[in-house]
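Working notes, structure below.
The values are calculated or read from the model by the stated rules, or taken from the named source; none is laboratory data. Note that the structure is predicted; figures quoted are calculated from it, not measured. Here the Cβ positions follow ideal geometry from the backbone for every residue, glycine too, while neighbour counts run over all protein chains shown. Accessible surface is based on the protein model in full, side chains and every heavy atom, while ligands, DNA and RNA are left aside. Shrake-Rupley method; radii C 1.70, N 1.55, O 1.52, S 1.80 Å.
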Amino acid sequence: ECPFCGEAAGRELEEHVRERHGHLLGAPGTDTGNGEQLYECPMCSLTCTNIQILEEHVNLHLEEHEGGHIRDLELAQQLQTEEDKWQRSKEEKREREEFKKLQRQYGLDNSGGYKQQFLKNMEREVDRGRMQPFEYHKRKADMMESLAFGVDDGKTKTSGVIEALCKYYQNENKDVRRVWLSAGVDHFHSSLGDRGWGCGYRNFQMLLSSLLQNSLYRDCLRDTTLIPSIPKIQSMIEDAWREGFDPQGASHFNNRLHGSKAWIGACEIYSLLTSLRMKCQIIDFHKPTGPMGTHPRLFEWVLHYYSTDNEGGAKVVCTSKPPIYLQHQGHSRTVVGIEEKKNKSLCLLLFDPGCSSQEMQKLLKQNSDGTNLKLLRKFMGSLKEKQYQIVAVDGVLSLEEKAARCRASQVLTSEKIP
């Protein structure tokens, strides 16, 4: 708009002003000839002879600029709001996907448990031609029978490894100074029904196989004379929760394990053993205690566990100690012994549920150079996870002691090794 008459002039504003209101203007950089001062607009270079008119003209510029600025600001705020909303939606979608992924990973997605996975994997084997239909139906019948009785079918079990190790070490003359071994332990490996999530249950079966052979624990296990199946172990843990053990852990699983593929860890093993009146402790090696992320304090603890009350001079010490449950992020194994080398270094002997029966059978025919022992040996540099937990059994609880531990587990904490 023209600042003098208010008419719409568009882009020809300057030409309009000079033609219609030229008497008020002068050429830039000159005067009007009668000594009047010229005033130049700082925003469009228009010149005026009247300062008040120039002020009004400039104010129009400012009002137009301010209005545009406000509109730009509102637009920017609107765009930012939409961007924030989109980012929140994207983040919420990512969190939902991550949560579902974790549910699947830890078996909490209601996709079925041991039985469903076993049948599904056998069907896949038949489809791929790796299993005949008659074998499918036979194995299905065997699986259903073992589940009905709550007893493991023993098809993933390897016995006699500890005895074979004892014989091997008696004749080993190279670099082992002393070795301590657990009482007899059967090895159990994951099957079609629990592959990918059953390591905690398989390690409990290993531990239980040793406890059942020890007269000290038979009274506690009179109702568990055979190795339970994985669904049965899940029910046993649920029974421990109902007794009041570890309510915080129970709530994590919504008080339900049976029929799921839920991973279990050291806390569930501790609760189950304690509910069976086993005197045990859970110990947390919550950070590395040696160079390069190693855990020498873990190795020292295991050595002390096996060597206490077994300080004789024999090279091979077959102890009465049960094996140790060893947990780290994503996996668990069973400690069945420890070597002390002639250079004083230590080496753990581990049963891994991921190791097949075919591999474990090699240890029963141990060759003279001990190459098959690489399946079991773990040196300090091989255990470099950030954190480890162990559960160790060492005695029997009275009913009063069991009740006290149940109350204490309401705020279950592990002992931390500094």
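Assorted remarks:
- Test result for L216, under 24 Å from T319 (Cβ atoms), in a helix (DSSP H, G or I) and open to solvent by less than 10 Å² (accessible area, probe 1.4 Å): no
- Members of region 129-149 found to be in a loop (DSSP other than H, G, I, E, B) and crowded, with 16+ Cβ neighbours inside 10 Å, listed by number: M131
- Conditions (1) at pLDDT below 65; (2) more than 17 Å from the chain's Cα centre (by Cα); number of the one not met by R104: (2)
- Strands (runs of 3 or more DSSP E) contained in region 314-374 and holding at least 2 residues over 27 Å from the mean Cα position of the chain (by Cα): 316-318, 331-341
- Residue selected from region 221-257 under the condition basic (K, R) and in a loop (DSSP other than H, G, I, E, B), by the criterion modelled with the highest pLDDT: R256
- In region 150-182, of all residues being under 15 Å from C347 (Cβ atoms) and open to solvent by 60 Å² or more (accessible area, probe 1.4 Å), the one that is modelled with the highest pLDDT corresponds to R177.
- When residues of region 332-345 are limited to those that are crowded, with 16+ Cβ neighbours inside 10 Å and not β-branched (V, I, T), the one farthest from L207 (Cα to Cα): E340
- Qualifying residue in region 183-197 (condition: within 24 Å of A408 (Cβ to Cβ), crowded, with 22+ Cβ neighbours inside 10 Å and in contact with a strand residue (DSSP E or B) (Cβ under 8 Å, 6 or more places away or on another chain)): no
- Long-range neighbours under 7 Å by Cβ, at least six apart or interchain, first residue closer than 14 Å to C280 by Cα within region 202-218, second polar (S, T, N, Q): L207/T334
- Residues in region 258-291 that are assigned to a helix (DSSP H, G or I) and either open to solvent by less than 40 Å² (accessible area, probe 1.4 Å) or within 12 Å of Q389 (Cβ to Cβ) (or both): A266, C267, E268, I269, Y270, S271, L272, L273, T274, S275.
- Residue within region 292-303 that is touching a residue at least 24 places away in the same chain (Cβ under 8 Å), open to solvent by 50 Å² or more (accessible area, probe 1.4 Å) and at positive phi present: yes
- Residue within region 154-161 that is part of a helix (DSSP H, G or I), in contact (Cβ under 8 Å) with a residue 12 or more places away in the chain, among the polar types (S, T, N, Q) and in contact with a Lys or Arg (Cβ under 8 Å, 6 or more places away or on another chain) present: no
- Residue within region 72-95 that is at pLDDT 70 or above, small (G, A, S) and open to solvent by less than 80 Å² (accessible area, probe 1.4 Å) present: yes
- Residue in region 308-327 that is in contact with a Cys (Cβ under 8 Å, 6 or more places away or on another chain), surrounded by fewer than 17 Cβ atoms within 10 Å (Cβ to Cβ) and closer than 28 Å to N214 by Cα present: no
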